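First the structure, in the form of structure tokens, and then the observations on it.
Just so you know, all these numbers are worked out from the coordinates, no wet-lab data involved. Keep in mind the model is a prediction, meaning the values are calculated, not measured. Counting neighbours? That spans all protein chains shown, and the Cβs are built from the backbone with ideal geometry, glycine included.
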């Protein structure tokens with residue numbers, strides 16, 4: 001999945017948004033993030049998704065997108081959201097774990113159980129300015145890495161901001 005940023009925002013709007021979001025990102029050494037790691041560069045990365053989601057949420061709220069300078073006290077305030085992702089095989093796809101469980105259940109006295117599918121639950125914490133941006137970041141991670149969209153569906157659950 002590729003995100004064409006030019007399709008979503010004008011050139012001047014993108015430049016303003018870039019400065020706006022860039023001011024909120026933690027700064028590290030050049031070419032590295034605040035944690036000393038080299039950031040991933042690819043067709044879709046969480047930073048680009050965050051940028052687009054922030055632009056869309058600000059535009060939908062009717063607020064004007066503009067960079068926040070140091071005199072305004074910074075830019076975006078990031079909040080930690082607890083996120084759970086449930087990944088399950090699509091309907092009609094049975095994995096080897098589900099088949100094994102389905103074969104074993106009748107011998108344990110559960111003859112009425114059928115169509116067993118085994119999935120996974122992934123829990124993580126996302127720092128984002130709002131729940132919509134957090135969901136966009138997690139959705140991009142699911143499409144690229146956490147789930148196989150060809151054979152798996154995923155459901156994202158976001159709980160309120162973490163306090164403390």
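Our estimate of slack between residue 100 and residue 86, defined as 0.36 nm per intervening residue step minus the Cα-Cα distance, is 2.9 nm. Full extension of the chain between residue 122 and residue 110 yields a length gain of 1.5 nm, computed as 0.36 nm times the residue separation minus the alpha carbon distance.
Restricting things to alpha carbons, find the Rg to Rh ratio for the stretch 77-164 using the Kirkwood radius for Rh.
Values: Rg = 16.9 Å, Rh = 14.8 Å.
Radius of gyration over Kirkwood radius for the stretch 77-164 works out to 1.14.
Counted by neighbouring Cβ atoms within 10 Å, the residues 144, 103 run from fewest to most as 103, 144.
Here each label is just a point 7 Å from Cα along the line to Cβ, and for residue 93 and residue 145 those points are 2.0 nm apart.
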